[in-house]
Every structure is written in structure tokens, then in C-alpha cells.
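Scroll down for the structure; my scribbles are underneath it.
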Amino acid sequence: MSEGQILQLVALVMVLGLVLPGFIYYSKRLTKGAVLRNIAIWLALIFAAAVLYRVFG
């Protein structure tokens, strides 16, 4: 692993550490169906962004 990849991994873990507590709090307030729907929407958006980046980036 190069130094740049290690820094990217550290940044990803830090973002996950910031987002995960909010997600857990938010998911406790909703029903399971709403949580799964929101996860599916976010995954679709991330997938679409990745495909667009791959095609145009």
C-alpha cells in the first residue's frame, strides 16, 4: 500500500466514525422498512455517482 492509499483509508474510517453514530440514532427512530428504504436510496446514489465518475472522470 502506498502512502496515498493509507491516507485515503484513514480518511474513509474517520468519515465512517462521524456518520455512523448519527445513522444509528436516526435508525432507532424509524421503522425497519423506512431504514432499509433509505439505505437502498443512498446505495443507489453512491452507485450512480461511481458509474458517472468512471464514465466521465
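Where a number appears in this text, it was derived from the coordinates with a stated rule and is not lab data. Quick caveat: nothing in here was measured; it's all calculated off a predicted structure. Note that we place each Cβ from the backbone using ideal geometry, even for glycine, and neighbour counts take in every protein chain shown.
Quick look at the values:
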{"read-out": "Any chance residue 54 is assigned to a helix (DSSP H, G or I), among the charged types (D, E, K, R), surrounded by fewer than 10 Cβ atoms within 10 Å (Cβ to Cβ) and out of contact with any Asp or Glu (no Cβ under 6 Å at 6 or more places or on another chain)", "value": "yes"}
{"read-out": "Residue in the stretch 30-39 that is on the phi < 0 side of the Ramachandran plot, in a helix (DSSP H, G or I), free of Cβ contacts under 8 Å to residues at least 60 places away in the same chain and loosely packed, with under 10 Cβ neighbours inside 10 Å present", "value": "yes"}
